[in-house]
Each structure stands twice: as structure tokens, then as C-alpha cells.
Amino acid sequence: MAEHNDLGKLGEERAQAYLHAKGYHIRHVNWVAGKLELDIVAEKDNQLIIIEVKTRSTETFEAPEEAIGNRKIRNIVNAAHEYIQIYDWKGETRFDVISVIPEGQQFRIVHIEDAFLAPVN
């Protein structure tokens, strides 16, 4: 496996541990619908939370959360729509981003709640 894939997997594991510690219930990890994927689907306080995890080895070029463009947002929203239909979710849904950046032996985790809204059209 390529080194960047290892770092991404480690970042997702750290994000999951962070969410567990904050009282989130992880429903699915790397949930796939066709060519679409959701990194983490969690639940807390009767909300479905779709979490995009961005892991970078450095912030030199851009912060991890800045790597999520309009196309990626559309894909996440489309995948979330599929998820909601399949699991018949009736509650509220929000979209979060967790950025994970290694700092020596530790990781800096930034959790951005309500990072974006689903487009209307």
C-alpha cells in the first residue's frame, strides 16, 4: 500500500477514535454506493452526521478541509441521499469535516461541524 494510503487510513482511524471519545455512535465507515463513498457516518443527539476526513502530512500547500471542492461536496451529498433512502433516515442530517495532521508522534484533529450545506439544486 502506498504511504499516502497508509496515512489516510491512519487519519480515519484517529478521526473515529476522536468521535467515539466525543460520544458519537459510528454507524458506518467507508460506506459505498456505486462510485460514491462516505468516510464516516455517525449519529449523535438524534442527528445523522456525514463526516469527510481529510488527512495531510503537512499544511504547507493547503489545509486539509480546503481540499473539499464543489464537486466533492456534490458527491458527498449524493452519497448521503442514497444512505438516507436506504436506511430510511427521518431525522436531521449535517455534514462535518475532520482534518487530521500528524505532529510528531501525535495528531492534530480539527472538527468542523456544519462544514457545508447540501446544495438546493
Residue that is nearest to the chain's Cα centre (by Cα) [pool: residues in the stretch 95-121 that are over 13 Å from residue 15 (Cβ atoms) and crowded, with 18+ Cβ neighbours inside 10 Å]: 95
Subset of the stretch 38-58 (residues that are farther than 14 Å from residue 95 by Cα and in contact with a helix residue (DSSP H, G or I) (Cβ under 9 Å, 6 or more places away or on another chain)): 55, 56, 57
Of residues in the stretch 74-94 being closer than 16 Å to residue 28 by Cα and among the polar types (S, T, N, Q), the one farthest from the chain's Cα centre (by Cα): 85
The stretch 83-106 residues that are over 20 Å from residue 70 (Cα atoms), paired with ones that are surrounded by fewer than 16 Cβ atoms within 10 Å (Cβ to Cβ) and of a type in the set (Asp, Glu) (beta carbon under 8 Å, 6 or more apart): 101/59
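Laboratory data are not the source of any read-out in this text; all were calculated from the coordinates shown. Note that the coordinates shown come from a computational prediction; the quantities given were computed from them, not determined experimentally. Because the Cβ atoms are built from the backbone with ideal geometry, glycine has one as well, and the counts that use them run over all protein chains shown.
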